[in-house]
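Data block below; observations after.
Just so it is clear, none of the values below were taken in a lab; they were calculated from the coordinates. Not measured: the values here are computed from a predicted model. Positions of Cβ are backbone-derived with ideal geometry, glycine not excepted, and every protein chain shown enters the neighbour counts.
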Amino acid sequence: MATKMDGKKFMVCCANGAGSSLMMKMTLQKVFKKHNVNPAQLHHCAISEGKSAAANFDVVLCARNFAKTFEDAKAKGTVVIPLKNIMSDKEMEAGLEEAGLLD
């Protein structure tokens, strides 16, 4: 069964693009597996790279304090999902659901 997120490009960002974003990527992969999502791409990076690359992605997940960084991408149609706990699969699911991406 296809989902609304199949074929979409996702990016997760943290301050430095090393540890936290990799953990976010793994957490999001867990959510994808649970919901049988087949994304076109899942990229993790530092906020500095993310700011310039965000408009090339369908969905960006980041810590709440970085959400304003993606206002330009948001204006171009990228869905930005700010997270209080970037390691919480439940919060990621809730954010995706709020954005209308989870059935």
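Observations
- The distance separating the Cα centre of region 16-34 from that of region 44-103 comes to 12 Å.
- Percent of beta bridges antiparallel (DSSP, region 9-98, rounded to nearest 5): 0 percent
- Neighbour-count order for ASP103, ASP72, fewest beta carbons within 10 angstrom listed first: ASP103, ASP72
- Within straight-line cross-link reach of LYS74, aspartates and glutamates at Cα separation under 12 Å, skipping those fewer than 8 residues along the same chain: ASP58
- Taking other C-beta atoms within 10 angstrom as a stand-in for reagent exposure, LEU22, LEU96, LEU102 fall in the order LEU22, LEU102, LEU96, fewest first.
- Other-chain or far-sequence residues with amide H under 5 Å of THR3's (modelled H): ASN38
- Contour minus Cα-Cα distance for GLU49 and GLU98 (0.36 nm per residue): 15.1 nm
- Residues whose amide H lies under 5 Å from that of HIS43, counting only those 5 or more places away or on a different chain, are PHE10, MET11, VAL12; hydrogens are built 1.01 Å from N in the peptide plane.
- Scaled to the globular estimate 2.2 N^0.38 Å, the Cα spread of region 9-98, given as radius of gyration, is 0.95.
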